Amino acid sequence: MPGKLKVKIVAGRHLPVMDRASDLTDAFVEVKFGNTTFKTDVYLKSLNPQWNSEWFKFEVDDEDLQDEPLQITVLDHDTYSANDAIGKVYIDIDPLLYSEAATVISGWFPIYDTIHGIRGEINVIVKVDLFNDLNRFRQSSCGVKFFCTTSIPKCYRAVIIHGFVEELVVNEDPEYQWIDRIRTPRASNEARQRLISLMSGELQRKIGLKVLEMRGNAVVGYLQCFDLEGESGLVVRAIGTACTLDKLSSPAAFLPACNSPSKEMKESPLVHPPSLGCRSTQNSPIHTATGSRLTQNFSVSVPTLIYTGMGSGSAGKEGGPFKALLRQQTQSALEQREFPFFTLTAFPPGFLVHVGGVVSARSVKLLDRIHNPDEPETRDAWWAEIRQEIKSHAKALGCHAVVGYSESTSICEEVCILSASGTAAVLNPRFLQDGTVEGCLEQRLEENLPVGCGFCHIPYDELNMPFPAHLTYCYNCRKQKVPDVLFTTIDLPTDAAVVGKGCLIQARLCRLKKKAQAEANATAISNLLPFMEYEVHTQLMNKLKLKGMNALFGLRIQITVGENMLMGLASATGVYLAALPTPGGIQIAGKTPNDGSYEQHISHMQKKINDTIAKNKELYEINPPEISEEVIGSPIPEPRQRSRLLRSQSESSDEVIELDLSHGKKDAFVLEIDDTDAMEDVHSLLTDVPPPSGFYSCNTEIMPGINNWTSEIQMFTSVRVIRLSSLNLTNQALNKNFNDLCENLLKSLYFKLRSMIPCCLCHVNFTVSLPEDELIQVTVTAVAITFDKNQALQTIKTHVEKSLQRASTDNEELLQFPLELCSDSLPPHPFPPAKEHLESASSNSGIPAAQRATSVDYSSFADRCSSWIELIKLKAQTIRRGSIKTTVTVEKASPVAEGNFRNRSAPPCANSTVGVVKMTPLSFIPGAKITKYLGIINMFFIRETTSLREEGGVSGFLHAFIAEVFAMVRAHVAALGGNAVVSYIMKQCVFMENPNKNQAQCLINVSGDAVVFVRESDLEVISTQQPTANCQPLCTGGEVTT
Amino acid sequence: MTNELDIFVGNTTLIDEDVYRLWLDGYSVSDAVARRVRSGILEQTGATAAVLQSDTMDHYRTFHMLERLLHAPPKLLHQLIFQIPPSRQALLIERYYAFDEAFVREVLGKKLSKGTKKDLDDISTKTGITLKSCRRQFDNFKRVFKVVEEMRGSLVDNIQQHFLLSDRLSRDYAAIVFFANNRFETGKKKLQYLSFGDFAFCAELMIQNWTLGAVGEAPTNPDSQVDDMDVDLDKEFLQDLKELKVLVADKDLLDLHKSLVCTALRGKLSVFSEMEANFKNLSRGLVNVAAKLIHNKDVRDLFVDLIEKFVEPCRSDHWPLNDVRLFLNQYSASVHSLDGFRHQTLWDRYMGTLRGCLLRLYHD
């Protein structure tokens, strides 16, 4: 009995009227965990009941604690008939199970009903007492931390990055069970919500076990997805990267991977930190769940071995051989893993050595009609097959690892496309093994890797290239070979040398397909896939050239299957890497050179394209330093397409078709206009409108070339569904419709967010689905972040930032105390520095004021400050201990401070009790420091209506639902004590409508990391006194701008 | 290709002030789009009409969802669905409860009933305010009225507390509630020249001095938490006003009063002779108004009577405002020197307020 869960129901508010006669409600609450249920008293005749219940105590296994959600149901008592349900709250108590996260969940939760939406709120307090468990073969994995963030979380340090963990669980979908015919939609929806909650709890626990097995203590880049396979079942699968993380700021006591909040847990043999000597292969066997309530599920674990030692660093050899040695070491480190995959997209400095290119694999499967839970290996085998393919592709690129790895599916009826993609890479073994790294090796490595271009250098053998390619010497270091174009699925490495700014590049494509059944359908799809990949790739390449850029980051290609068509959408962020050669232009050639008017047309087009390239170069500030070819001393790079997408697809068989996307030997950037299709392609190239001035967009975490973020952020989700006119649909018309849909959506976003200019849309994430025959649905989630438009200050600031960033990492303890202080809403004269580090920090007191000043829009301010900045820049370089990271902040964002601050302007609304919770798909919050990770948020909701028209039609229905989902995420974060969600992602938004029946249904799955952040401006106010008179007006200026 | 569904949901709810105004003004989406196009927004932003249409629809949908909460503004503060910064919440509420001068003049003093609501069509035609907007404003009046009608304590405070309005707007609503409750006639032709501000000013004076809430407290302190209601006139006070009748009924008293006023004002008024000639009429008018206030019907006609009995006679003789002020001051003060008159406090309570009202009402 290793745990006691305690729940107290405090009060309710804003309840709906359940008794028409009295216009009141007699509410009571049922609290259910596992099979135990408690009830509160009935609170008669009130819409704001005060139950103030006793503590309900559940004594449960920690396994159950991980799997089960706490289920709170609010009901209206009825003497004569059955009690009416008002709604439910599901609380995932996982965040209470590990030490560094939340200790209590307490707050107002929206009461949710799948038919009526949010109906009032309920105040709940939840606590967990965990007891020691000495059973090392236990089933629970309490204490393993989960992060959605695809980089090492901000307040941690990676000791070891162990590698890939995956798991999947299947069950029957309650919606397709026979009982569904006789139960209400509400009961069916709730059964589904509960089941998915259980399955994800179980999945997380199993992944946690694997992590403990590998002697890790955390999963980073955790991505959990649902496959709604309809009649054949429900699959919940997850992938992630197992790591051993160290909390940065905390003293040694926190270093061991604590398994639970209780201190005794540290004695548990399993949780000792990995250390030399205990690096053995004596893994405890993985047990499949025994006491699980889900008897039908299956799970096959792919044993992923931990690294078990390797030759010590015999460094000291010269460059060339050293590289070989490095590769050898990495290889040995990675080859022992079945899948050397990493779901991370950003890495600790020095981790990523070389990048090969994008590897991807797809496979078309027929979902088995007979669901046989006793033979569960099918789904696992499918994925294993695909992963194997990815691995072999990476090998072909001379790489031993795949980074930025992700998996996805697209299902239509019984056909399912499984996709996996990642970036082949060579990694530095030092993070893959246990702690003590030979110092000389490390240094050697750093000497050998020129900053900012190392990752561009080819990992494969020049003489034995995996595909026809054209190489040049690196434009940065001139020592190593680089390709002329680079495609990756990862974020731009922070140290990469970039020219100008980046931009969002999308390739969009539709292909009609005949309606067919079963095998015939699967075959048709498999036949179309290679052509789609090829075209998507060509489009990306052309658009990249058109932008005058030479590399793509964050590439994500989504292929969606529908009844009668296939859609392809690729998004990436284009940049100009200084290390790679300047891209050549695009040449257009006509097929019939004798026709005069035709030729004129061609030359007209050519001119248009050249103009666009020139315009784009100006727009994105791409003006690389001119280097004459002789200086480089390499073969003159012909403009030839070389980067390559390795892919293959198979149809339930091992038949693998290698597709060469390199366009053979011909010069790739000659576009031949030989038919109308080609003409259309060229036209579509030119139809993409650049964002209005003041706007930038990218799908990566950060926008290359913009560092001076200010603190205003706006996360949003936008959904559009269009109906195609079914008459005479051609590929061309389809493409145009799809293109317009995406472009119009972007235009709308720019218009809506115009008040934030200058700003950048970051992490723009498009998802396409085909809910019905003639419907295309596009869902976009992104965050708009404002930045300081004063470009003159940018370079200086970057400089300051770098030096300060370095300083801040080794001075994390500074960031601890502001937590208590920030609640004291901006005292005009902050406390005198009491602690030692306060004093040390106050030495750089000038900087925060000046930085804040730069963000004030009035140019006069900026002018006044520019001389300051110079001064500060000098100072900053001498600062060794700094608490500031740089990004400028105007807004005071600690919720309390914000509230109080606004009181002045809005007296009547002074007592707003709802704290602000920020949401962002990024792993960071500009202008703020994340001080604590409170746990993963992973929520699944269903909403259904039988009165679609009354709720404002499909738009009204979905708008309200998404707003409700946001509200529930925010409420859970606030209850955990957090003030933001980072790495937020809407993984699924399945919308179905039946307007004739006035019905609609929607399923949404979201996840993210709940965190506590502190504004850097608050840190500054607290940690530094403002001694000079000068800064006073500047500070007030900053406040007013809010 | 048609957009079946088109939504945008921000973590922080986006509020476009211009669109909010158009929505409040009751324009349909297409009218709002047309107006936005005319404002030149397309040229400024380079957007297309389709974008504008989608944006407007989105905002309208948001406002529609917010409307339910705006009906009980404290709910807007505590709800979790829309994350809106406090300053924006205040703006939403304030604008939602703001009303048009033209509209309020039409319904001021009318019973806020279904019957009046049926007349909104005519009001809409007459004022040029859309019917939708009229409905919103009417419903706002009615909602505020219903909530504070039976409440004890300061009317303005009650409104402010339950609707989170600014001080200015709360005072305006207090006037509307007060007028609706006492059903003062404001629609007669001869009252048309008066603005809502004129009435609101009078309402405030009356609330401060003539209601139950005013009893026992310094009448000049409107914030006092008196344990009684502000919406009803003090019946006892109205009853007592009959006692003032002696001022005109007793011929000696009337003559004395007249001579006191004339002596004091001789040479100070440009319209002295007109005043002297009219004194008895004017005084009779003012005192009779007081004496009749015990009847509900005459309470309703208070403003009509004041205009007929005082404002119009003075205006026809072209009294300058300053002369009216001097006269009224002297007229009120001289009563204190009438030895035979015992209701000095009552007189002050009546005349103090009336003097303020008359001065405000006396304009073209």
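The values are calculated or read from the model by the stated rules, or taken from the named source; none is laboratory data. Predicted, not measured: the structure shown is a model, and the values here were computed from it. Quick reminder, even Gly has a Cβ in these numbers, built from the backbone with ideal geometry, and neighbours come from all protein chains shown. Accessible surface is based on the protein model in full, side chains and every heavy atom, while ligands, DNA and RNA are left aside. Shrake-Rupley method; radii C 1.70, N 1.55, O 1.52, S 1.80 Å.
Identify all lysines with a Cα-Cα distance to A:Lys545 below 26 Å; exclude those on the same chain that are fewer than 8 residues away in sequence.
A:Lys479, A:Lys481, A:Lys501, A:Lys591, A:Lys607, A:Lys608, A:Lys615, A:Lys617, A:Lys665, A:Lys666, A:Lys736, A:Lys747
Summed for both chains, how many Å² of accessible area, to the nearest 100, are buried between B and A with a 1.4 Å probe?
Values: alone 17920 and 40560 Å², together 54050 Å².
Buried area between the two chains comes out at roughly 4400 Å².
Find the Cα radius of gyration of region B:101-183, compare it with 2.2 N^0.38 Å by division, and give the number to two decimals. Before the final figure, lay out the partial values.
On the way: Rg = 12.6 Å, N = 83, 2.2 N^0.38 = 11.8 Å.
In units of the 2.2 N^0.38 Å rule of thumb, it is 1.07.
Taking the Kirkwood radius as the inverse of the mean 1/r across Cα pairs, report the Rg/Rh of region B:17-85. If you can, show how the numbers build up before the last one.
Numbers: Rg = 13.7 Å, Rh = 13.1 Å.
In region B:17-85, Rg relative to Rh is 1.05.
At R0 = 22 Å, how high is the FRET efficiency between A:Glu413 and A:Thr378 if r is their beta carbon distance? Nearest 0.05 is fine. List each step's numbers first, then the result.
Values: r = 18 Å, r/R0 = 0.80.
Once the sixth-power term is evaluated, E becomes 0.80.
Pop out the ³J(HN,Hα) list for region A:529-536 in order, Karplus 6.51 cos²θ - 1.76 cosθ + 1.60 with θ = phi - 60°, rounded to Hz; leave Gly and Pro as x.
3, x, 5, 5, 4, 4, 5, 4
Can you pull the percent of chain B's accessible area that's carbon plus sulfur, 1.4 Å probe, other chains left in place?
Whole-percent figure for carbon plus sulfur exposure: 50.
Give the value in nm², to one decimal: projected area of the alpha carbon convex hull of region B:235-361, averaged over all directions.
Numbers: hull surface 27.9 nm².
Projected area, direction-averaged: 7.0 nm².
Between the chain alone and the structure with every protein chain in place, find the residues of region A:924-960 that drop at least 50 Å² of accessible area; heavy atoms, 1.4 Å probe.
When all protein chains are present, A:Ser955, A:His959 each give up 50 Å² or more of accessible surface.
What distance in nm separates the simple spin-label points at A:Ala518 and A:Leu44, each placed 7 Å from Cα in the Cβ direction?
6.5 nm
Report the residues of region B:302-332 in range of a label on B:Lys242: point 7 Å along Cα→C-beta, backbone N strictly under 20 Å from it.
B:302
How many lysine pairs does region B:235-361 hold where the Cα atoms are under 16 Å apart and the two sit 8 or more places apart or on different chains?
Eligible lysine pairs with Cα atoms under 16 Å apart amount to 13.
What FRET efficiency comes out for B:Lys188 versus B:His78 if R0 is 35 angstrom and r is the Cβ-Cβ distance? Round to the nearest 0.05.
Numbers: r = 44 Å, r/R0 = 1.27.
Between B:Lys188 and B:His78 the formula returns 0.20.
What is the extension gain from A:Glu59 to A:Val689, computed as 0.36 nm multiplied by their sequence separation minus the C-alpha to C-alpha distance, in nm to one decimal? List each step's numbers first, then the result.
Values: separation 630, 0.36 × 630 = 226.80 nm, distance 6.07 nm.
Contour length minus the Cα-Cα distance gives 220.7 nm.
Find the percent of Cα-Cα distances in region B:250-293 that exceed 14 Å, and round it to a whole number. Working shown, then result.
Values: 494 of 946 pairs.
Percent of Cα pairs beyond 14 Å in region B:250-293: 52.
Would you jot down the residues in region B:1-42 that end up with at least 30 Å² less accessible area in the complete protein assembly than in the chain alone, with a 1.4 Å probe?
For region B:1-42, once contacts with the other chains are taken into account, B:Met1, B:Thr2, B:Asn3, B:Glu4, B:Leu5, B:Asp6, B:Ile7, B:Phe8, B:Val9, B:Asn11, B:Leu14 lose 30 Å² or more.
Per residue of region B:108-123, what does 6.51 cos²θ - 1.76 cosθ + 1.60 with θ = phi - 60° give for ³J(HN,Hα)? Whole Hz please, x for Gly and Pro, Karplus curve as stated.
Here the 3J(HN,Hα) series is 4, x, 7, 5, 7, 10, 4, x, 4, 4, 5, 7, 4, 4, 5, 4 Hz.
Which value, in Å², gives the accessible area per residue of region B:17-85 when a 1.4 Å probe is used on the protein heavy atoms? Could you put the intermediate results ahead of the total?
Working: 2950 Å² over 69 residues.
On a per-residue basis, region B:17-85 sits at 43 Å².
Provide the FRET efficiency to the nearest 0.05 for the A:Thr103-A:Asp19 pair, computing r from the beta carbons and using R0 = 45 Å. Present the calculation step by step, with values, prior to reporting the outcome.
Numbers: r = 39 Å, r/R0 = 0.87.
Efficiency, rounded to the nearest 0.05: 0.70.
Report which residues of region B:67-98 become buried by 30 Å² or more of accessible surface when going from the isolated chain to the complete set of protein chains (1.4 Å probe; DNA, RNA and ligands ignored).
Flagged in region B:67-98: B:Lys75, B:Leu77, B:His78, B:Leu80, B:Ile81, B:Gln83, B:Pro86, B:Ser87, B:Ala90.
Got a sec? Which residues in region A:723-766 would a label at B:Val29 touch, if it sits 7 Å along Cα→Cβ and we count backbone N under 17 Å?
What the label zone holds, given the 17 Å backbone N cut-off, is A:723, A:745, A:748-749, A:752.
Taking a virtual spin label 7 Å from the Cα of B:Asp18 along the C-beta vector, which residues in region B:55-74 bring their backbone nitrogen under 15 Å of it?
Correct set: B:55-57, B:59-60.
Using label points projected 7 Å from each Cα along Cα→Cβ, tell me how many nm separate A:Asp611 and B:Lys146, to one decimal.
Between A:Asp611 and B:Lys146, the label points sit 6.3 nm apart.
Compute the distance in nm between two label points, each set 7 Å from the Cα along the Cα-to-Cβ direction, one at A:Glu618 and one at B:Ser337.
8.8 nm
Per residue of region A:701-716, in order, report the coupling 6.51 cos²θ - 1.76 cosθ + 1.60 (Karplus, θ = phi - 60°) as ³J(HN,Hα) in whole Hz, putting x for Gly and Pro.
Those phi angles translate into 4, 10, 8, x, x, 10, 10, 9, 5, 9, 8, 6, 10, 9, 8, 8 Hz.
Keeping all protein chains in place, calculate the accessible area per residue for region B:235-361 (probe 1.4 angstrom), answer in Å².
On a per-residue basis, 45 Å².
Per 0.36 nm of contour for each residue apart, how much would the distance between B:Arg68 and B:Ser259 grow if the chain were fully extended, relative to their Cα-Cα spacing? Present the calculation step by step, with values, prior to reporting the outcome.
Values: separation 191, 0.36 × 191 = 68.76 nm, distance 6.28 nm.
Stretched out fully, the B:Arg68 to B:Ser259 stretch lengthens by 62.5 nm.
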